[in-house]
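Working notes for the structure below.
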Amino acid sequence: MCGLLTGPFGVLKVVDVNLWWPYLMHESPGYLYSMQVRLMAANERSTHEDVYTLPVGIRTVSVTSTQFLINKKPFYFHGVNKHEDSDIRGKGFDWPLIVKDFNLLKWMGANSFRTSHYPYAEEILQMCDRHGIVVIDECPGVGIKDIRSFRNASLNHHLDVMDELVRRDKNHASVVMWSVANEPASEMPPAEFYFKTLIKHTKALDATRPVTYVSNSHYARDKGAPYVDVICINSYFSWYHDPGHLEVIPIQLNTQFENWYGKYQKPIIQSEYGADAVPGLHSDPPMMFTEEYQKVVLQSCHDVFDQKRKQYVIGELIWNFADFMTVQGITRVVGNKKGVFTRQRQPKAAAFILKERYWRLANETGRLPPWTKYPCSL
């Protein structure tokens with residue numbers, strides 16, 4: 001546990017500790033202790049007692065120039081980005097849907113996700129704690145594109161937002177890193193002071209976790225990158241860039257990694273990549289918006305990830321776990337179709353590509369949990 005303390009405090013030592021481990025990294029992932037706090041008040045006539053129990057996982061997190069370590073062991077993020085969105089209900093919290101999503105995550109062999117692009121319901125983090133799913137916890141710092149967004153009023157509000165996020169989520173073992181923004185205009189001159197201040201503030205709130213933000217800026221002009229602990233990059237080669245040209249992916253993705261690492265010497269997560277696929281739409285040769293095209297995009301990216309994860313790439317998060325609704329526009333086909341599952345949680349061909357890959361990556365650890373852990377419950 002961590003955070004600024006304003007009242008009585010102390011240190012609790014646990015002898016022969018059972019550590020909290022991520023899913024697929026240990027035979028018994030998600031081990032939680034129950035910390036019980038009792039408060040008593042008494043007078044000459046009566047005694048009153050209040051009891052609060054908090055599930056607590058004990059683990060360490062650290063970052064080197066090439067690795068992300070959990071409990072001093074290298075951890076590789078093979079996971080997804082999500083949205084709190086589904087068919088019928090739309091945006092919002094839905095317990096049956098959450099159980100379904102966690103079963104799909106574990107079926108697929110995913111060990112992590114990012115709360116793109118806002119804090120999710122705390123019940124979801126509690127599920128992550130119990131099942132060992134690692135979380136990059138992101139604040140709603142999305143759409144910071146205008147020069148006015150870097151002024152003091154916005155910065156002060158952003159600092160308050162991080163206060164609230166860290167205060168709420170600091171005791172969740174599943175949360176291993178804070179993300180302070182998604183795709184800001186970090187090439188603008190005011191971005192340097194803005195993100196230096198914001199990241200310093202977040203580290204003051206919590207010195208136990210690394211801090212990042214997710215960038216789609218040019219590596220040489222990103223003003224905030226010097227201040228993050230982990231570089232997170234969004235890129236969509238052969239989709240938003242050179243659409244239809246699958247052949248560009250290997251050279252462009254490889255160059256992207258070499259440029260970012262060469263300049264900053266920090267571990268890198270491919271925090272978004274992918275392509276839209278309308279379920280049931282097929283074409284040979286692969287054409288944009290078909291399931292075949294989405295498959296080839298993923299496979300081409302995976303080839304590069306496999307080269308670079310032996311060096312300094314520490315994770316890959318597909319965009320997106322499932323299709324989700326958006327405003328109407330000429331780039332959308334009834335919402336964003338980059339999910340590997342449909343909005344109704346049915347698998348596209350890409351889901352099986354990820355399932356095969358993620359279980360292969362997990363098997364490299366040799367520490368898989370027994371299948372009695374699946375399917376997952378509340």
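Things to note:
- Counted by Cβ distance under 9 Å from residue 225, the other residues give a net charge of +2, where Lys and Arg count +1 and Asp and Glu count -1.
- Among residues other than residue 64 with Cβ under 12 Å from its Cβ, the summed charge is +1 (Lys and Arg +1, Asp and Glu -1).
- For residue 289, solvent-accessible area (1.4 Å; no DNA, RNA or ligand), Å²: 60 Å²
- Here is the list for the stretch 80-137: chymotrypsin sites (Phe, Trp or Tyr not before Pro) lying in DSSP coil, each with at most 13 other C-beta atoms within 10 angstrom of its C-beta, are 93.
- Of the DSSP H helices in the chain, those whose Cα atoms cover at least 24 Å axially and whose Kyte score averages -1.0 or more: 152-169, 291-308
- What the Cα convex hull of the stretch 207-365 gives, in volume per residue, is 145 Å³.
- Environment charge at residue 109 (Cβ cut-off 9 Å; Lys +1, Arg +1, Asp -1, Glu -1): +3
- Reported to the nearest whole Å, the Cα centre-to-centre distance from the stretch 110-185 to the stretch 301-320 is 23.
- Helix-derived mean residue ellipticity, 222 nm - over the chain, DSSP H n ≥ 4, -39500 (n - 2.57), to 500: -9000 deg cm²/dmol
- Think of the stretch 244-304 as a dipole: +1 on every Lys or Arg Cβ, -1 on every Asp or Glu Cβ, centred on the Cα centre; then among 248, 288, 271, 271 lies furthest on the positive end.
- Each peptide in 8-18, 316-326, 347-357 gets a packing score, the mean of other Cβ atoms within 10 Å over its residues, and the list from highest to lowest is 316-326, 347-357, 8-18.
- Normalised convex hull volume, the stretch 78-206, alpha-carbon set, Å³ per residue: 115 Å³
- Cα-derived Rg over Rh, computed across the stretch 61-365 with Rh taken as Kirkwood radius: 0.94
- Accessible surface of the stretch 61-365, 1.4 Å probe, proportion on carbon and sulfur as whole %: 55 percent
- Prolate/oblate/rounded call for the stretch 32-116, Cα gyration tensor, a/c under 1.5 rounded: oblate
- Peptides 270-282, 23-35, ordered by how many other C-beta atoms sit within 10 Å of their residues on average, highest first, read 270-282, 23-35.
- Taking the convex hull of the alpha carbon positions in the stretch 158-238 and averaging its projected area over all directions gives 5.8 nm².
- Highest mean first, the peptides 52-61, 181-190 sorted by other C-beta atoms within 10 Å per residue fall in the order 181-190, 52-61.
- Note on residue 223: lysines with a C-alpha under 26 Å away, same-chain residues under 8 apart excluded, are 145, 196, 200, 203, 263, 266, 308.
The values are calculated or read from the model by the stated rules, or taken from the named source; none is laboratory data. All values derive from a computational prediction rather than experimental measurement. Note that each Cβ is placed from the backbone with ideal geometry, even for glycine, and that neighbours are counted across all protein chains shown. All accessible areas refer to the heavy atoms of the entire protein, side chains included, with ligands and DNA or RNA removed. Shrake-Rupley method; radii C 1.70, N 1.55, O 1.52, S 1.80 Å.
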